[in-house]
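One structure is given here, and the rest of the page talks about it.
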Amino acid sequence: MSRATDHDATTSPTAPVRMTYEEFLDRYHGRHAEWVEGEVIEMSPTSRENQQLGDFLTAILTHFVEAHERGVILSSRFQMKTKARLAGREPDVLFLAEEHRGRLHENFLDGRRPGRRDREPRQCDP
C-alpha cells in the first residue's frame, strides 16, 4: 500500500491526503483506495491470480445468492463503512443479506447497525 499524496503547492509531496469520508467518496469513487482515520490510502494493484480468484468467487456466490434470493454479492472497488470513525474498506468479495439491502447506497455500504451509536474507544490497562 502507498499513501495518496496531494500535489498542490500547499502540501508537501509526501503528506497524506486528509478529508472526510464523504469527500473521499466523491473524489476517489472507482479508484482502488481506502479511507482510514481521515487519510486516503491508495492500494497497490492486484495480481492477476488474485483478480481471477475474486472474479471466480464473485460469479459462484452471485449465482447461488440470486438463485436463492438471499441478498447481493459485491466485488472489489466497492466501499464498506462499519462505524462513523472507522475505516472505509474495499473487501474483495462482500455478501449483503437481503434483509440489510436498505444499507446499500450508490457508492458504499453502510455497515453500521441502525439505531446504535458508535461507542467511544475503550482504554485497556496493560
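The values are calculated or read from the model by the stated rules, or taken from the named source; none is laboratory data. All figures in this text were calculated on a predicted structure; none of them were measured in a lab. Quick reminder, even Gly has a Cβ in these numbers, built from the backbone with ideal geometry, and neighbours come from all protein chains shown.
When the stretch 65-85 is filtered for residues that are free of Cβ contacts under 8 Å to residues at least 12 places away in the same chain and either within 24 Å of Asp26 (Cα to Cα) or exposed (fewer than 12 other Cβ atoms within 10 Å of the Cβ) (or both), the ones remaining, listed by number, are Ala67, His68. Considering (1) modelled with pLDDT under 85; (2) closer than 29 Å to Glu98 by Cα; (3) among the acidic types (Asp, Glu), the lone condition that Glu23 does not fulfil carries the number (1). Considering the stretch 63-120 alone, what residues qualify as being at pLDDT 85 or above, in contact with a Ser or Thr (Cβ under 7 Å, 6 or more places away or on another chain) and small (Gly, Ala, Ser)? Scanning the stretch 63-120 gives a single hit, Ser75. Could we say that Ser47 is touching a residue at least 40 places away in the same chain (Cβ under 8 Å), out of contact with any strand residue (DSSP E or B) (no Cβ under 7 Å at 6 or more places or on another chain) and not aliphatic (A, V, I, L, M) here? No; evaluated as a whole, the condition is false for this residue.
Please count how many residues of the stretch 37-64 are surrounded by 14 or more Cβ atoms within 10 Å (Cβ to Cβ) and small (Gly, Ala, Ser). Total satisfying the criteria: 2. Being part of a strand (DSSP E or B) and closer than 19 Å to Arg112 by Cα: is that true of Val40 here? Answer is no for this residue.
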